[in-house]
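Below you'll find the structure, written out as structure tokens, and then a few comments.
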Amino acid sequence: MSLFKRSATELVGTFWLVLGGCGSAVLAAAFPDVGIGLLGVSLAFGLTVLTMAFAIGHISGCHLNPAVSLGLVVGGRFPAKELPAYIIAQVIGAVIAAALLYFIASGKPGFELAGGLASNGFGEHSPGGYSMAAGFVCELVMTAMFILIILGATDNRAPAGLAPIAIGLALTLIHLISIPVTNTSVNPARSTGPALIVGGWAIQQLWMFWVAPLLGAVVGGVLYRWLGKEQL
């Protein structure tokens, strides 16, 4: 499969992740009387990855996330020369999804972009008011564990065919833990899409949602290479 087609597949997959995950937060989390809440949003993010892993995993690997792509490079599962194409495609897919979500959400009277469009933030823009340091550490650790789980679940020694389930549930758990802290990123593309639409504070704080997940990806990739290495 050509790099262009695999990158295009990543664009579509990341589009679905942002539309499904952020869309659930913006459109359904607090819907009157039947809002899905934090649990529902967490599950929505997990389901986007699970469904796309089955749909496109055999085409592009279903990274949907620059941190995942980097973690797979560090873990020895993905060629570094293909990393830029994947990251560009993932960011484009996230931006398209965020723009579409804004269009849909703005169709309701009273909608205000000041609500953040599910943007990630810290300090006064953290759902729970958590500090920048707390948010940074949370994003780094959660991403590192996510990469560890991905590398382990897709190892050829792991049970075959179950990786999408493990990865989807892992992302659900990560959101259950960290939505109150940063609104959960662990994915620079997912953070970039809404931030570019919201502007202002969301762009000013975007740096953290690139730096922390990418550092976490390196930690997770290195850790799994050490833990998973078979002794001679």
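The values are calculated or read from the model by the stated rules, or taken from the named source; none is laboratory data. If you're wondering where the values come from, they're calculated on a predicted model, not measured in any experiment. Cβ: placed from backbone, ideal geometry, glycine included. Neighbour counts: every protein chain shown. Just the protein is used for accessible areas: all its heavy atoms, side chains included, with ligands, DNA and RNA removed. Shrake-Rupley method; radii C 1.70, N 1.55, O 1.52, S 1.80 Å.
When we measure straight from the Cα of Lys81, which lysines land under 23 angstrom away, once same-chain ones fewer than 8 places off are left out? In chain and number order, the partners are Lys5.
Across the range 224-229, computed HN-Hα scalar couplings (Karplus, 6.51 cos²θ - 1.76 cosθ + 1.60, θ = phi - 60°) run 5, 4, 6, 5, x, 6 Hz from first to last residue, x flagging Gly and Pro.
Here the range 78-119 has an Rg and Dmax of 14.9, 47 Å, counting Cα atoms alone.
Spread over its residues, the convex hull of the C-alpha atoms of the range 179-223 is 66 Å³ per residue.
If a spin label sat at a point 7 angstrom from the Cα of Leu173 along the line to its beta carbon, the backbone N atoms of the range 117-142 nearer than 19 Å would be those of 138-142.
Along the range 180-193 the Karplus relation, 6.51 cos²θ - 1.76 cosθ + 1.60 evaluated at θ = phi - 60°, assigns HN-Hα couplings of x, 7, 10, 6, 6, 10, 6, 7, x, 5, 4, 6, 5, x Hz to successive residues, with x for each Gly and Pro. Distance between the modelled labels on Asn156 and Ser2, one decimal in nanometres: 2.9 nm (7 Å Cα→Cβ projection). Annotation: for a label point projected 7 angstrom from Cα along Cα→Cβ of Ala134, residues of the range 181-223 with backbone N closer than 17 Å are 181-185. Each 5 Å bin, from zero up to the one with the longest distance, holds this percent of the alpha carbon pairs of the range 153-232: 3, 12, 16, 20, 18, 13, 8, 5, 3, 1, 0. Counting protein heavy atoms only, the range 1-127 has 71 percent of its accessible area on carbon and sulfur, 1.4 angstrom probe. The simple Förster model, with R0 at 41 Å and r as the Cβ-Cβ distance, assigns Ala28 and Trp226 a FRET efficiency of 0.50. Couplings 3J(HN,Hα) for the range 88-104, derived from phi with the Karplus relation 6.51 cos²θ - 1.76 cosθ + 1.60 (θ = phi - 60°), are 4, 5, 4, 5, 4, x, 5, 5, 4, 5, 5, 5, 5, 4, 4, 4, 5 Hz, where x marks Gly and Pro. What the Cβ-Cβ distance of Trp207 and Ala55 gives, at R0 = 35 Å and to the nearest 0.05, is a FRET efficiency of 0.65.
So what's the back-of-envelope 222 nm ellipticity for the chain, counting only DSSP H runs of four-plus at -39500 (n - 2.57) apiece and dividing by all residues, rounded to 500?
Roughly -22500 deg cm²/dmol at 222 nm, from the helical runs in the chain.
To the nearest 10 degrees, how steep is helix 3-23 against the longest Cα principal axis of the chain, on a 0 to 90 scale? Relative to the chain, helix 3-23 is tipped by roughly 40 degrees.
With a probe of 1.4 Å, find how much accessible area the chain has per residue, and write the answer as a whole number in Å². Each step should come with its number before you reach the end.
Numbers: 10620 Å² over 232 residues.
Result: 46 Å² of accessible area for each residue.
Relative to its residue count, the range 88-174 spans a Cα convex hull of 142 Å³ per residue.
Its alpha carbons give the chain an Rg and a Dmax of 16.8, 65 Å.
How large is the translational diffusion coefficient of the range 1-128 in µm² per second when you combine the Kirkwood radius over alpha carbon pairs with Stokes-Einstein at 10 °C and 1.306 mPa s?
102 µm²/s
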